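Structure first, commentary second.
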Amino acid sequence: MTSTEERPERSVPKPVFTDAEAGAKEFPDSGPGARRYNYFKPAKRKQTHYEDVTVEVQPDPRHYLTQGWIYGFADGSRGYPLTWTKLKAWGVDDPEPERGPGSGGKPIENWPAHGWHEFRDPNEEWELTMYRNNANVVRQVTQNVENARNAKAFEQWTQNWVRFVERNVGAWMHIEHVLGLYVFAGCNRSGPTNMHNTAMVVNSEHKIRFAQDLALYNLTLSEEIEGFDGSAHTAAWNSDAEWQGVRKVVEEITAIEDDWGEMIFATNIVFEPLLGELFRSNLVMQSAAGNGDYVTPTVMGAGEYDFAQRDLRWTVAAFAPLTQDREFADHNKQLFDSWTAKWVPKCLEAARTMQPLWSQPDAKPPRFEDSLDRAKSRFAGILSDLGLEPPKELNQ
(Lines give C-alpha, C1' and ligand atoms only; values in the text may rest on other atoms or scores of the structure.)
Protein backbone atom coordinates (compact mmCIF):
# COMPACT_ATOMS: atom_id res chain seq x y z
CA MET A 1 0.00 0.00 0.00
CA THR A 2 1.18 3.50 -0.69
CA SER A 3 0.44 6.46 1.51
CA THR A 4 0.06 10.09 0.53
CA GLU A 5 1.59 12.67 2.75
CA GLU A 6 -0.61 15.59 3.60
CA ARG A 7 0.71 18.78 2.13
CA PRO A 8 0.97 21.81 4.36
CA GLU A 9 -1.47 24.65 3.71
CA ARG A 10 -0.18 27.03 1.05
CA SER A 11 0.38 30.64 1.92
CA VAL A 12 -2.10 32.45 -0.36
CA PRO A 13 -3.31 36.01 0.28
CA LYS A 14 -6.90 35.99 1.50
CA PRO A 15 -9.45 38.52 0.20
CA VAL A 16 -10.15 41.40 2.53
CA PHE A 17 -13.41 43.32 1.98
CA THR A 18 -13.17 47.06 2.49
CA ASP A 19 -16.72 48.00 1.34
CA ALA A 20 -15.15 50.03 -1.44
CA GLU A 21 -16.02 47.53 -4.17
CA ALA A 22 -18.95 47.92 -6.54
CA GLY A 23 -22.26 46.81 -5.10
CA ALA A 24 -21.15 46.97 -1.47
CA LYS A 25 -23.22 50.00 -0.51
CA GLU A 26 -26.77 49.37 0.65
CA PHE A 27 -29.50 51.66 -0.71
CA PRO A 28 -33.11 51.96 0.54
CA ASP A 29 -34.51 50.27 -2.56
CA SER A 30 -31.68 47.81 -3.26
CA GLY A 31 -32.89 45.01 -0.98
CA PRO A 32 -34.99 42.05 -2.18
CA GLY A 33 -38.05 43.36 -0.33
CA ALA A 34 -38.09 46.72 -2.11
CA ARG A 35 -41.16 47.25 -4.30
CA ARG A 36 -41.13 51.02 -4.70
CA TYR A 37 -38.91 53.42 -6.60
CA ASN A 38 -37.69 56.60 -4.99
CA TYR A 39 -36.47 58.73 -7.89
CA PHE A 40 -39.58 60.95 -7.89
CA LYS A 41 -41.62 62.77 -5.30
CA PRO A 42 -45.09 61.20 -4.92
CA ALA A 43 -48.18 63.40 -4.93
CA LYS A 44 -49.19 62.09 -1.50
CA ARG A 45 -47.31 60.62 1.43
CA LYS A 46 -47.18 57.16 -0.13
CA GLN A 47 -46.54 56.66 -3.80
CA THR A 48 -49.15 54.72 -5.74
CA HIS A 49 -48.84 51.89 -8.22
CA TYR A 50 -50.01 54.34 -10.90
CA GLU A 51 -47.03 56.56 -10.15
CA ASP A 52 -44.61 53.64 -10.15
CA VAL A 53 -45.58 52.58 -13.67
CA THR A 54 -46.27 56.02 -15.17
CA VAL A 55 -44.18 58.81 -13.64
CA GLU A 56 -40.92 59.44 -15.50
CA VAL A 57 -41.34 56.44 -17.79
CA GLN A 58 -40.83 58.87 -20.65
CA PRO A 59 -37.13 59.83 -20.71
CA ASP A 60 -36.37 63.52 -20.44
CA PRO A 61 -32.95 65.21 -20.38
CA ARG A 62 -34.47 67.73 -17.98
CA HIS A 63 -34.57 64.87 -15.49
CA TYR A 64 -32.60 61.68 -16.05
CA LEU A 65 -31.55 61.32 -19.69
CA THR A 66 -28.11 62.77 -19.00
CA GLN A 67 -26.74 62.17 -22.48
CA GLY A 68 -29.47 64.32 -24.04
CA TRP A 69 -32.16 63.22 -26.47
CA ILE A 70 -31.15 60.05 -28.31
CA TYR A 71 -33.77 60.42 -31.05
CA GLY A 72 -35.48 63.16 -33.01
CA PHE A 73 -37.59 64.06 -36.03
CA ALA A 74 -36.76 64.96 -39.61
CA ASP A 75 -37.43 68.67 -39.00
CA GLY A 76 -34.71 68.78 -36.33
CA SER A 77 -36.94 68.74 -33.26
CA ARG A 78 -35.93 66.21 -30.64
CA GLY A 79 -37.78 63.98 -28.22
CA TYR A 80 -40.86 65.65 -26.78
CA PRO A 81 -40.63 69.36 -27.67
CA LEU A 82 -42.27 71.64 -25.13
CA THR A 83 -43.14 73.99 -28.01
CA TRP A 84 -45.94 71.68 -29.15
CA THR A 85 -48.30 73.88 -27.11
CA LYS A 86 -48.29 77.59 -26.35
CA LEU A 87 -49.01 76.81 -22.69
CA LYS A 88 -46.02 77.05 -20.39
CA ALA A 89 -45.08 75.59 -17.02
CA TRP A 90 -42.39 76.49 -14.52
CA GLY A 91 -38.88 75.88 -15.83
CA VAL A 92 -39.63 75.36 -19.51
CA ASP A 93 -37.67 78.47 -20.54
CA ASP A 94 -34.57 77.48 -18.58
CA PRO A 95 -31.71 76.24 -20.76
CA GLU A 96 -30.89 72.56 -20.72
CA PRO A 97 -27.78 71.65 -18.68
CA GLU A 98 -24.54 71.58 -20.62
CA ARG A 99 -23.41 68.08 -21.34
CA GLY A 100 -19.84 66.88 -21.73
CA PRO A 101 -17.75 63.72 -21.77
CA GLY A 102 -17.98 62.13 -18.38
CA SER A 103 -20.15 64.94 -17.02
CA GLY A 104 -22.74 62.55 -15.62
CA GLY A 105 -25.31 65.25 -16.21
CA LYS A 106 -23.53 67.89 -14.11
CA PRO A 107 -25.90 68.24 -11.14
CA ILE A 108 -27.33 71.77 -11.11
CA GLU A 109 -29.09 73.65 -8.34
CA ASN A 110 -32.90 73.66 -8.67
CA TRP A 111 -32.70 71.54 -11.77
CA PRO A 112 -33.99 69.60 -13.55
CA ALA A 113 -37.56 69.49 -12.13
CA HIS A 114 -40.13 71.72 -13.84
CA GLY A 115 -43.87 72.32 -13.70
CA TRP A 116 -45.08 69.92 -16.36
CA HIS A 117 -43.84 66.97 -14.32
CA GLU A 118 -46.05 67.90 -11.37
CA PHE A 119 -49.21 66.61 -13.11
CA ARG A 120 -50.81 63.44 -11.77
CA ASP A 121 -53.96 61.90 -13.25
CA PRO A 122 -56.58 61.82 -10.44
CA ASN A 123 -58.10 58.75 -12.15
CA GLU A 124 -54.72 56.99 -11.83
CA GLU A 125 -55.12 55.36 -15.24
CA TRP A 126 -52.45 53.01 -16.54
CA GLU A 127 -52.29 49.94 -18.77
CA LEU A 128 -54.23 47.58 -16.50
CA THR A 129 -56.99 50.00 -15.48
CA MET A 130 -57.72 51.23 -19.01
CA TYR A 131 -58.55 47.70 -20.18
CA ARG A 132 -60.39 46.74 -17.02
CA ASN A 133 -62.59 49.85 -16.88
CA ASN A 134 -63.55 49.73 -20.56
CA ALA A 135 -64.28 46.01 -20.34
CA ASN A 136 -66.61 46.64 -17.39
CA VAL A 137 -68.50 49.34 -19.30
CA VAL A 138 -68.89 47.18 -22.41
CA ARG A 139 -70.10 44.27 -20.28
CA GLN A 140 -72.72 46.42 -18.56
CA VAL A 141 -73.98 48.05 -21.76
CA THR A 142 -74.19 44.66 -23.50
CA GLN A 143 -76.21 43.20 -20.62
CA ASN A 144 -78.61 46.15 -20.62
CA VAL A 145 -79.26 45.90 -24.35
CA GLU A 146 -79.62 42.10 -24.21
CA ASN A 147 -82.11 42.34 -21.34
CA ALA A 148 -84.14 44.85 -23.34
CA ARG A 149 -84.07 42.56 -26.35
CA ASN A 150 -85.33 39.61 -24.32
CA ALA A 151 -88.08 41.73 -22.74
CA LYS A 152 -89.19 43.05 -26.16
CA ALA A 153 -88.73 46.53 -24.75
CA PHE A 154 -88.15 48.13 -28.15
CA GLU A 155 -91.76 47.44 -29.10
CA GLN A 156 -92.82 50.16 -26.64
CA TRP A 157 -91.11 52.95 -28.56
CA THR A 158 -93.21 55.59 -30.30
CA GLN A 159 -92.69 55.97 -34.04
CA ASN A 160 -91.35 59.51 -33.74
CA TRP A 161 -88.83 58.30 -31.19
CA VAL A 162 -87.68 55.53 -33.52
CA ARG A 163 -87.02 58.14 -36.21
CA PHE A 164 -85.30 60.41 -33.68
CA VAL A 165 -82.93 57.67 -32.49
CA GLU A 166 -82.04 56.34 -35.93
CA ARG A 167 -81.02 59.79 -37.19
CA ASN A 168 -79.79 61.74 -34.17
CA VAL A 169 -78.51 59.28 -31.58
CA GLY A 170 -76.82 57.48 -34.45
CA ALA A 171 -75.29 60.76 -35.66
CA TRP A 172 -73.52 61.24 -32.34
CA MET A 173 -71.29 58.22 -33.02
CA HIS A 174 -69.56 60.26 -35.75
CA ILE A 175 -68.62 62.93 -33.22
CA GLU A 176 -67.22 60.43 -30.72
CA HIS A 177 -65.24 58.67 -33.44
CA VAL A 178 -63.76 61.88 -34.85
CA LEU A 179 -62.81 63.34 -31.46
CA GLY A 180 -61.43 60.04 -30.20
CA LEU A 181 -59.29 59.37 -33.25
CA TYR A 182 -58.25 62.79 -34.50
CA VAL A 183 -58.05 64.77 -31.26
CA PHE A 184 -57.08 62.50 -28.37
CA ALA A 185 -55.31 59.71 -30.26
CA GLY A 186 -53.68 62.36 -32.43
CA CYS A 187 -52.44 64.29 -29.38
CA ASN A 188 -51.36 61.44 -27.11
CA ARG A 189 -47.76 61.56 -28.40
CA SER A 190 -47.54 65.33 -28.09
CA GLY A 191 -47.71 65.83 -24.32
CA PRO A 192 -44.64 66.92 -22.34
CA THR A 193 -44.73 63.98 -19.90
CA ASN A 194 -45.78 60.36 -19.91
CA MET A 195 -48.51 61.24 -17.39
CA HIS A 196 -50.18 63.62 -19.87
CA ASN A 197 -49.88 61.21 -22.78
CA THR A 198 -51.32 58.29 -20.82
CA ALA A 199 -54.37 60.37 -19.82
CA MET A 200 -54.89 61.44 -23.43
CA VAL A 201 -54.79 57.92 -24.81
CA VAL A 202 -57.28 56.74 -22.16
CA ASN A 203 -59.56 59.63 -23.18
CA SER A 204 -59.19 58.45 -26.77
CA GLU A 205 -60.18 54.92 -25.76
CA HIS A 206 -63.31 56.24 -24.04
CA LYS A 207 -64.39 58.12 -27.16
CA ILE A 208 -63.70 55.32 -29.61
CA ARG A 209 -65.35 52.73 -27.37
CA PHE A 210 -68.44 54.93 -26.98
CA ALA A 211 -68.64 55.34 -30.77
CA GLN A 212 -68.47 51.56 -31.05
CA ASP A 213 -71.19 51.19 -28.38
CA LEU A 214 -73.48 53.42 -30.44
CA ALA A 215 -72.64 51.58 -33.67
CA LEU A 216 -73.43 48.18 -32.14
CA TYR A 217 -76.60 49.57 -30.59
CA ASN A 218 -77.62 50.84 -34.02
CA LEU A 219 -77.16 47.34 -35.46
CA THR A 220 -79.25 45.84 -32.66
CA LEU A 221 -82.09 48.29 -33.29
CA SER A 222 -81.94 47.49 -37.01
CA GLU A 223 -82.61 43.86 -36.13
CA GLU A 224 -85.21 44.41 -33.43
CA ILE A 225 -87.36 47.27 -34.77
CA GLU A 226 -89.20 46.78 -38.05
CA GLY A 227 -88.50 49.62 -40.44
CA PHE A 228 -85.54 50.97 -38.43
CA ASP A 229 -83.12 52.56 -40.91
CA GLY A 230 -79.63 51.74 -39.70
CA SER A 231 -78.01 54.02 -42.27
CA ALA A 232 -80.08 57.14 -41.54
CA HIS A 233 -77.43 58.52 -39.17
CA THR A 234 -75.04 58.98 -42.09
CA ALA A 235 -77.52 61.09 -44.03
CA ALA A 236 -78.29 63.10 -40.89
CA TRP A 237 -74.60 63.78 -40.22
CA ASN A 238 -73.93 64.71 -43.83
CA SER A 239 -76.95 66.83 -44.64
CA ASP A 240 -79.40 67.55 -41.76
CA ALA A 241 -79.30 71.27 -40.99
CA GLU A 242 -79.51 70.58 -37.24
CA TRP A 243 -76.13 68.79 -37.32
CA GLN A 244 -74.10 71.02 -39.62
CA GLY A 245 -73.16 73.53 -36.91
CA VAL A 246 -71.85 70.78 -34.62
CA ARG A 247 -70.08 69.09 -37.51
CA LYS A 248 -68.36 72.37 -38.39
CA VAL A 249 -67.07 72.84 -34.83
CA VAL A 250 -65.82 69.24 -34.63
CA GLU A 251 -63.94 69.56 -37.90
CA GLU A 252 -62.45 72.91 -36.86
CA ILE A 253 -61.17 71.39 -33.62
CA THR A 254 -59.40 68.64 -35.55
CA ALA A 255 -57.83 71.33 -37.75
CA ILE A 256 -56.11 73.15 -34.86
CA GLU A 257 -52.45 73.28 -35.85
CA ASP A 258 -49.47 72.52 -33.64
CA ASP A 259 -51.08 72.91 -30.22
CA TRP A 260 -52.28 69.88 -28.29
CA GLY A 261 -53.24 72.15 -25.38
CA GLU A 262 -55.80 74.07 -27.43
CA MET A 263 -57.24 70.87 -28.93
CA ILE A 264 -57.81 69.31 -25.50
CA PHE A 265 -59.12 72.57 -24.03
CA ALA A 266 -61.50 73.21 -26.93
CA THR A 267 -62.85 69.64 -26.68
CA ASN A 268 -63.09 68.80 -22.97
CA ILE A 269 -63.53 72.28 -21.49
CA VAL A 270 -65.71 74.02 -24.11
CA PHE A 271 -67.29 71.57 -26.58
CA GLU A 272 -68.28 68.80 -24.18
CA PRO A 273 -70.27 70.85 -21.64
CA LEU A 274 -71.81 73.26 -24.17
CA LEU A 275 -72.67 70.68 -26.85
CA GLY A 276 -71.91 67.15 -25.65
CA GLU A 277 -73.78 67.25 -22.35
CA LEU A 278 -76.41 69.51 -23.90
CA PHE A 279 -77.34 66.75 -26.37
CA ARG A 280 -76.67 63.63 -24.33
CA SER A 281 -78.01 64.65 -20.90
CA ASN A 282 -80.39 67.52 -21.58
CA LEU A 283 -82.07 66.08 -24.66
CA VAL A 284 -81.71 62.31 -25.18
CA MET A 285 -81.62 61.17 -21.56
CA GLN A 286 -84.41 63.59 -20.59
CA SER A 287 -86.72 62.54 -23.44
CA ALA A 288 -86.28 58.79 -23.65
CA ALA A 289 -88.48 57.57 -20.78
CA GLY A 290 -91.52 59.55 -21.89
CA ASN A 291 -91.24 57.94 -25.30
CA GLY A 292 -91.17 54.38 -23.95
CA ASP A 293 -87.39 53.98 -24.05
CA TYR A 294 -85.40 53.02 -20.96
CA VAL A 295 -82.50 51.46 -22.91
CA THR A 296 -80.95 54.38 -24.80
CA PRO A 297 -80.21 56.35 -21.58
CA THR A 298 -78.08 53.45 -20.31
CA VAL A 299 -76.01 53.48 -23.51
CA MET A 300 -75.66 57.26 -23.60
CA GLY A 301 -75.09 57.36 -19.85
CA ALA A 302 -71.96 55.22 -20.18
CA GLY A 303 -70.38 57.82 -22.43
CA GLU A 304 -71.66 60.63 -20.22
CA TYR A 305 -70.04 59.06 -17.17
CA ASP A 306 -66.72 58.71 -19.00
CA PHE A 307 -66.63 62.44 -19.62
CA ALA A 308 -68.18 63.83 -16.44
CA GLN A 309 -66.42 61.54 -13.95
CA ARG A 310 -63.13 60.69 -15.67
CA ASP A 311 -62.12 62.73 -18.72
CA LEU A 312 -63.05 66.10 -17.26
CA ARG A 313 -61.25 65.26 -14.00
CA TRP A 314 -57.87 64.71 -15.60
CA THR A 315 -58.28 67.75 -17.86
CA VAL A 316 -58.97 70.08 -14.93
CA ALA A 317 -56.09 68.51 -12.99
CA ALA A 318 -53.76 69.15 -15.94
CA PHE A 319 -54.83 72.73 -16.72
CA ALA A 320 -55.74 74.21 -13.31
CA PRO A 321 -52.13 74.31 -12.00
CA LEU A 322 -51.10 76.26 -15.10
CA THR A 323 -53.29 79.21 -14.07
CA GLN A 324 -51.42 79.27 -10.74
CA ASP A 325 -47.97 78.54 -12.15
CA ARG A 326 -45.14 80.22 -10.24
CA GLU A 327 -43.71 81.58 -13.46
CA PHE A 328 -46.30 81.63 -16.25
CA ALA A 329 -49.71 82.03 -14.57
CA ASP A 330 -50.55 85.30 -16.37
CA HIS A 331 -49.39 83.95 -19.72
CA ASN A 332 -51.54 80.84 -19.38
CA LYS A 333 -54.63 82.72 -18.17
CA GLN A 334 -54.46 85.06 -21.16
CA LEU A 335 -54.09 82.08 -23.46
CA PHE A 336 -57.03 80.22 -21.91
CA ASP A 337 -59.14 83.38 -22.15
CA SER A 338 -58.31 83.74 -25.84
CA TRP A 339 -59.30 80.11 -26.43
CA THR A 340 -62.65 80.52 -24.66
CA ALA A 341 -63.31 83.72 -26.63
CA LYS A 342 -62.61 81.77 -29.82
CA TRP A 343 -64.52 78.54 -29.15
CA VAL A 344 -67.50 79.59 -27.00
CA PRO A 345 -69.25 81.56 -29.80
CA LYS A 346 -68.70 78.67 -32.22
CA CYS A 347 -70.24 76.17 -29.79
CA LEU A 348 -73.17 78.41 -28.88
CA GLU A 349 -73.95 78.98 -32.55
CA ALA A 350 -73.84 75.22 -33.13
CA ALA A 351 -76.08 74.64 -30.11
CA ARG A 352 -78.75 76.95 -31.48
CA THR A 353 -78.74 75.16 -34.84
CA MET A 354 -79.65 72.01 -32.87
CA GLN A 355 -82.71 73.63 -31.30
CA PRO A 356 -85.26 71.98 -33.69
CA LEU A 357 -84.24 68.58 -32.30
CA TRP A 358 -86.01 69.47 -29.02
CA SER A 359 -89.39 69.50 -30.78
CA GLN A 360 -89.10 66.14 -32.57
CA PRO A 361 -90.01 63.61 -29.81
CA ASP A 362 -93.66 63.18 -28.82
CA ALA A 363 -92.78 63.48 -25.13
CA LYS A 364 -90.77 66.70 -25.00
CA PRO A 365 -87.66 67.31 -22.90
CA PRO A 366 -87.26 70.54 -20.88
CA ARG A 367 -87.30 73.66 -23.07
CA PHE A 368 -84.23 74.24 -25.22
CA GLU A 369 -83.45 77.57 -23.53
CA ASP A 370 -83.58 75.92 -20.11
CA SER A 371 -81.31 73.15 -21.32
CA LEU A 372 -78.85 75.63 -22.78
CA ASP A 373 -78.85 77.70 -19.59
CA ARG A 374 -78.04 74.56 -17.64
CA ALA A 375 -75.16 73.79 -20.01
CA LYS A 376 -73.86 77.35 -19.67
CA SER A 377 -73.97 77.11 -15.88
CA ARG A 378 -72.08 73.84 -16.00
CA PHE A 379 -69.45 75.40 -18.28
CA ALA A 380 -69.05 78.42 -15.99
CA GLY A 381 -68.47 76.06 -13.05
CA ILE A 382 -65.70 74.26 -14.94
CA LEU A 383 -64.01 77.57 -15.72
CA SER A 384 -64.21 78.44 -12.02
CA ASP A 385 -62.43 75.18 -11.18
CA LEU A 386 -59.67 76.26 -13.55
CA GLY A 387 -59.38 79.67 -11.93
CA LEU A 388 -60.83 81.43 -14.99
CA GLU A 389 -63.67 83.93 -15.39
CA PRO A 390 -66.65 83.18 -17.69
CA PRO A 391 -66.18 85.04 -21.00
CA LYS A 392 -68.59 87.71 -22.14
CA GLU A 393 -69.33 85.53 -25.17
CA LEU A 394 -71.23 83.18 -22.83
CA ASN A 395 -74.08 85.73 -22.76
CA GLN A 396 -74.88 85.18 -26.42
Tally time: how many residues in the stretch 182-197 are open to solvent by 10 Å² or more (accessible area, probe 1.4 Å) and either out of contact with any Ser or Thr (no Cβ under 7 Å at 6 or more places or on another chain) or over 18 Å from Lys248 (Cα atoms) (or both)?
7
With the condition kept exactly as written, say whether any residue in the stretch 152-159 is outside any helix (DSSP H, G or I) and aromatic (Phe, Trp, Tyr).
yes
Output the residues belonging to the stretch 244-259 that are assigned to a helix (DSSP H, G or I) and open to solvent by less than 10 Å² (accessible area, probe 1.4 Å).
Val246, Val249, Val250, Ile253
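Kindly indicate whether Glu98 is at pLDDT below 85, part of a loop (DSSP other than H, G, I, E, B) and open to solvent by 40 Å² or more (accessible area, probe 1.4 Å). I'd like the intermediate steps shown before the answer.
Details: at pLDDT below 85: yes; part of a loop (DSSP other than H, G, I, E, B): yes; open to solvent by 40 Å² or more (accessible area, probe 1.4 Å): yes.
Criteria met by Glu98.
Within the stretch 332-346, track down each residue that is touching a Leu at 6+ places or on another chain (Cβ under 8 Å) and open to solvent by 20 Å² or more (accessible area, probe 1.4 Å). If you could, list the steps in order and put the result at the bottom.
Within the stretch 332-346, the first condition is being touching a Leu at 6+ places or on another chain (Cβ under 8 Å), and the residues that meet it are 332-333, 335-337, 340, 344.
The answer is Lys333, Leu335, Asp337.
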Test result for Ser204, modelled with pLDDT of 95 or more, in a helix (DSSP H, G or I) and under 11 Å from the mean Cα position of the chain (by Cα):
yes
Being open to solvent by 40 Å² or more (accessible area, probe 1.4 Å), of a type in the set (D, E, K, R), touching a residue at least 40 places away in the same chain (Cβ under 8 Å) and out of contact with any His (no Cβ under 9 Å at 6 or more places or on another chain) narrows Glu127, Glu146 down to just Glu127
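Which members of the stretch 376-393 meet the condition of being charged (D, E, K, R) and in contact (Cβ under 8 Å) with a residue 60 or more places away in the chain?
Going through the stretch 376-393, the residues charged (D, E, K, R) turn out to be 376, 378, 385, 389, 392-393.
Result: Lys376, Arg378, Asp385.
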For the stretch 317-331, which positions are under 20 Å from Phe184 (Cβ atoms) and surrounded by 16 or more Cβ atoms within 10 Å (Cβ to Cβ)?
Ala317, Ala318, Phe319, Leu322
Among residues of the stretch 309-320, those that are farther than 21 Å from Pro391 by Cβ and either under 10 Å from the mean Cα position of the chain (by Cα) or in contact (Cβ under 8 Å) with a residue 60 or more places away in the chain (or both), counted
5
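If I ask for residues that are open to solvent by 30 Å² or more (accessible area, probe 1.4 Å) and either in contact with a Pro (Cβ under 7 Å, 6 or more places away or on another chain) or touching a residue at least 60 places away in the same chain (Cβ under 8 Å) (or both), which ones from the stretch 271-288 would you list?
Answer for the stretch 271-288, where residues must be open to solvent by 30 Å² or more (accessible area, probe 1.4 Å) and either in contact with a Pro (Cβ under 7 Å, 6 or more places away or on another chain) or touching a residue at least 60 places away in the same chain (Cβ under 8 Å) (or both): Met285, Gln286.
Please verify whether Asp373 is free of Cβ contacts under 8 Å to residues at least 24 places away in the same chain, within 19 Å of Gly276 (Cβ to Cβ) and surrounded by fewer than 20 Cβ atoms within 10 Å (Cβ to Cβ), treating the condition exactly as stated.
Details: free of Cβ contacts under 8 Å to residues at least 24 places away in the same chain: yes; within 19 Å of Gly276 (Cβ to Cβ): yes; surrounded by fewer than 20 Cβ atoms within 10 Å (Cβ to Cβ): yes.
Yes.
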Sole residue being touching a residue at least 40 places away in the same chain (Cβ under 8 Å), in contact with a helix residue (DSSP H, G or I) (Cβ under 9 Å, 6 or more places away or on another chain), of a type in the set (A, V, I, L, M) and closer than 21 Å to Pro81 by Cα, chosen from Ile253, Ile264:
Ile264
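The values are calculated or read from the model by the stated rules, or taken from the named source; none is laboratory data. These numbers were taken from a predicted model, which means no experiment stands behind them. FYI the Cβ positions are ideal-geometry reconstructions off the backbone, even for glycines, and counts take in every protein chain you see. Areas reflect the complete protein model, heavy atoms only, side chains present, ligands, DNA and RNA absent. Shrake-Rupley method; radii C 1.70, N 1.55, O 1.52, S 1.80 Å.
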